[in-house]
Amino acid sequence: MKDIAIIDIEASGLHFSSYPIEVAVLLRGECKSWLIKREPKWQYWCEIAESMHGISRAELEREGLPAFEVAIQLNEFLSESDAVLYSDAQRWDEDWIDTLYFAAKIERHFCVRSIYDLMGSDKAPLFAAQKTLLAESGRYRHHRAAEDVKMIHEAYLYVAG
């Protein structure tokens, strides 16, 4: 099972009040990403998180799409898939996806699963080590969703053999 769909989300921080600011999906070799404009109720912002992903609030205001549009486009992009997306941070990513779809007031047509469950706990250390090597290689801009899904996919392929 090498051809899997992968999701990654960047957020305003790692806090229970954080919200999604960028989402990317890699599906059948095609990567799509969206910047998400802040919803009125989304207030939490972490300067440390901003320094990691490099996405400013001003950039989100200028270039981001409303949650409703992102949720619609994400559902459309995934409409012909098996509706399972794999994440290397499933608990966080699923919470942020729930936040996005709750704000959009529409139903999501996919589920988020842990990539670690797919590969098994025996391969998890190898996956983590390979992902770290890729992050340090300079080939990817770590902590940007589109780059991270590609990096996660490459590390997964390495482990899946």
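The values are calculated or read from the model by the stated rules, or taken from the named source; none is laboratory data. If you're wondering where the values come from, they're calculated on a predicted model, not measured in any experiment. Every residue, glycine among them, receives a Cβ derived from its backbone with ideal geometry; neighbour counts consider all protein chains shown.
Looking at this structure, is Glu94 surrounded by fewer than 14 Cβ atoms within 10 Å (Cβ to Cβ) and of a type in the set (Asp, Glu)? Answer is no for this residue. Among residues of region 1-26 that are modelled with pLDDT of 95 or more, those with a Cβ under 6 angstrom from a residue that is of a type in the set (Phe, Trp, Tyr) and in a strand (DSSP E or B), sequence gap 6+ or separate chain, pair up as Ile6/Tyr86; Val23/Trp34. Looking at region 125-139, can you tell me whether even one residue there is closer than 22 Å to Ala71 by Cβ and either polar (S, T, N, Q) or not in a helix (DSSP H, G or I) (or both)? The answer is no, given that none of the residues of region 125-139 is closer than 22 Å to Ala71 by Cβ and either polar (S, T, N, Q) or not in a helix (DSSP H, G or I) (or both). Looking at Ala155, is it in contact with a Lys or Arg (Cβ under 7 Å, 6 or more places away or on another chain) and either in contact (Cβ under 8 Å) with a residue 12 or more places away in the chain or not in a helix (DSSP H, G or I) (or both)? For Ala155, the condition - in contact with a Lys or Arg (Cβ under 7 Å, 6 or more places away or on another chain) and either in contact (Cβ under 8 Å) with a residue 12 or more places away in the chain or not in a helix (DSSP H, G or I) (or both) - is met.
Would you point out the residue of region 79-88, among those that are modelled with pLDDT of 95 or more and not acidic (Asp, Glu), that is surrounded by the fewest Cβ atoms within 10 Å (Cβ to Cβ)? Selected residue: Ser87.
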